[in-house]
Amino acid sequence: MKHLLTAFLISTASSYAGDFVSLFDGSTFAGWHAPDGKAPGAGWVFDQGTLHLNGTPGGMLLSDKEYSQFELEWDWKVEEGGNNGVKYWATKVGGKEWLGIEYQMIDDHKHPDGLKGGSHTTASIYDIKQPAADKPLKPVGEWNTSRIVVREGKIQHWLNGVLVCEADTKTEEWKTMIAASKFKNKAGFAPGKGHIMLTDHTDKVWYKNIKIREL
């Protein structure tokens, strides 16, 4: 009941937000840039209206704009054994590395990291909190629809229309989870505002219908 109430409150608040804005026009990098003034790597290509990482290095892609409270939706699929992810509140921590909270996208059954289970599987808050065991993940090679909702410090990960993972970044529970994660010594991690980031693990991944609205 608690999860349903939380989902209702956030979804209701979202109904008063502005319209969704597309973050991918199907054929260009408009709205995105590579970190540190570099050009997007050759691995990122446009394939029949999708943004496709083709298995060669492409580097990370950052949204031109930073976001604090938002609703982000996108469709995606990975290759067999593949791994990728969408990060948010992404910033350059310690002036050295780009980090953010990650919505994990992975082959849960064949990628070594996915096989670790828990907070390393699809739709997890990566390395922080695991998703629901009964999440409605489609088979590798089929399109999934994901959504991230962030409002007043509360974050939700949705998969194919179902809320599968949530957390409140303003609680002691969140601090405890961070302290147990790989980010425990990353001062300034997830500061409450930052870029959207598409990661690069070299594996093949496809994106389409990327859109966002600020809340």
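The values are calculated or read from the model by the stated rules, or taken from the named source; none is laboratory data. Since we're looking at a predicted model, the values are computed, not measured. With ideal geometry, Cβ positions are generated from the backbone for all residues, glycine too; neighbour counts draw on all protein chains shown. In case anyone asks, the SASA skips ligands and DNA or RNA and just uses the protein heavy atoms, side chains included. Shrake-Rupley method; radii C 1.70, N 1.55, O 1.52, S 1.80 Å.
Within segment 1-45, restricting attention to residues that are open to solvent by less than 60 Å² (accessible area, probe 1.4 Å) and assigned to a helix (DSSP H, G or I), the residue that is modelled with the highest pLDDT is Pro35. Every test in (1) modelled with pLDDT of 95 or more; (2) open to solvent by 60 Å² or more (accessible area, probe 1.4 Å) is passed by Gly194 save one, and that test is (2).
When restricted to residues that are under 23 Å from Asn185 (Cα atoms) and either open to solvent by 50 Å² or more (accessible area, probe 1.4 Å) or under 12 Å from the mean Cα position of the chain (by Cα) (or both), segment 118-150 contains 5.
There is at least one residue in segment 48-64 that is modelled with pLDDT of 95 or more, within 24 Å of Thr91 (Cβ to Cβ) and surrounded by fewer than 17 Cβ atoms within 10 Å (Cβ to Cβ). Here Gly81 clears all of (1) under 18 Å from Trp143 (Cα atoms); (2) open to solvent by 30 Å² or more (accessible area, probe 1.4 Å) except the condition numbered (2). Residue pairs whose Cβ atoms lie under 6 Å apart, separated by 6 or more positions or on different chains, with the first residue in segment 33-58 and farther than 19 Å from Glu97 by Cβ and the second of a type in the set (D, E, K, R), are Thr50/Lys208; Gly55/Lys204. Answer yes if at least one residue in segment 104-117 is over 21 Å from Glu142 (Cβ atoms) and crowded, with 17+ Cβ neighbours inside 10 Å, and no otherwise. No, because not a single residue in segment 104-117 is over 21 Å from Glu142 (Cβ atoms) and crowded, with 17+ Cβ neighbours inside 10 Å.
Residue check: is Glu102 farther than 25 Å from Ser22 by Cβ and assigned to a strand (DSSP E or B)? No; evaluated as a whole, the condition is false for this residue.
Annotation note: Cβ proximity below 7 Å between a residue of segment 162-181 that is free of Cβ contacts under 8 Å to residues at least 24 places away in the same chain and a residue that is open to solvent by 60 Å² or more (accessible area, probe 1.4 Å) (sequence gap 6+ or interchain) occurs for Asp168/Lys154. The residue pairs whose first member lies in segment 119-142 and is under 14 Å from Gln104 (Cα atoms) and among the hydrophobic types (A, V, I, L, M, F, W, C), whose second member is part of a helix (DSSP H, G or I) and at pLDDT below 95, and whose beta carbons are closer than 6 Å, counting only pairs six or more residues apart or on different chains, do not exist in this structure.
Taking segment 93-112 as the region of interest, how many residues are within 25 Å of Ala187 (Cβ to Cβ), in contact with a helix residue (DSSP H, G or I) (Cβ under 7 Å, 6 or more places away or on another chain) and in contact (Cβ under 8 Å) with a residue 24 or more places away in the chain?
So the answer is 1.
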